[in-house]
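Encoded as structure tokens, the structure appears first; notes follow it.
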Amino acid sequence: MPVHTVVAPASAAKPAPLPKSRDAAGGTIPSSLLTWYLGLIPYWMEATPVVKRRLLLRTHQWIVDRVLAPEITLAAALGDLRPDGELTQILGALVPADRAAEWRHFIRVVVANLRHALQLPVTRRNEAWVRWLFLIPYGANTFACDRRTAVAGS
């Protein structure tokens, strides 16, 4: 019986390689984590209101720059997470001045949850832990940021 070889035509367009980032141990971020993050981009980009989307994406940038970067120490990252620390200031600057009071609680919750996550023992820091970091701002409740609730509750 003759054997037939089937050759698929080569695709003219190759997908661009994913950028290589570093994890806390100095290696590259696992492809499963990148795939997970990229798969959730529609959710990140559809977060509402728009202020929440800005806060969420800027928090993600902070996680990459200050937690996953191998040259950043835990002490430096935790310093950013003080109530008056760098992340609070960065996120606060993204909120329109006339809505700052509405979003103050949300920012405090995000920063406090990130601080808690960074204080967990190193043995608990794995890929699931990193995913949790990215989910913290997405899952933070915005009910306190609703104008009616903020006025009544603050």
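The values are calculated or read from the model by the stated rules, or taken from the named source; none is laboratory data. What you see is a predicted model; the values in this text were computed from it and never measured. A quick note on method: Cβ atoms are made from the backbone with ideal geometry, for glycine too, and the neighbour counts reach across all protein chains shown.
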| message | Residues that are assigned to a helix (DSSP H, G or I), modelled with pLDDT under 90 and of a type outside the set (A, V, I, L, M): does the stretch 7-25 have at least one? | response | no
Listed by range, helices (runs of 4 or more DSSP H) wholly within the stretch 75-140 having at least 1 residues that are among the acidic types (Asp, Glu) and farther than 14 Å from residue 63 by Cα are 100-118
Counted residues in the stretch 111-130 being without any contact (Cβ under 8 Å) to a residue 12 or more places away in the chain and of a type in the set (D, E, K, R) come to 1
In the set 72, 90, the lone residue that is surrounded by 14 or more Cβ atoms within 10 Å (Cβ to Cβ), among the β-branched types (Val, Ile, Thr), out of contact with any Leu (no Cβ under 8 Å at 6 or more places or on another chain) and modelled with pLDDT of 95 or more is 90
Within the stretch 137-154, restricting to residues that are within 12 Å of the chain's Cα centre (by Cα) and either exposed (fewer than 13 other Cβ atoms within 10 Å of the Cβ) or within 20 Å of residue 35 (Cβ to Cβ) (or both), the one that is modelled with the highest pLDDT is 138
Reported set for the stretch 95-111 where residues are surrounded by 15 or more Cβ atoms within 10 Å (Cβ to Cβ) and not charged (D, E, K, R) is 95, 103, 105, 106, 107, 109, 110, 111
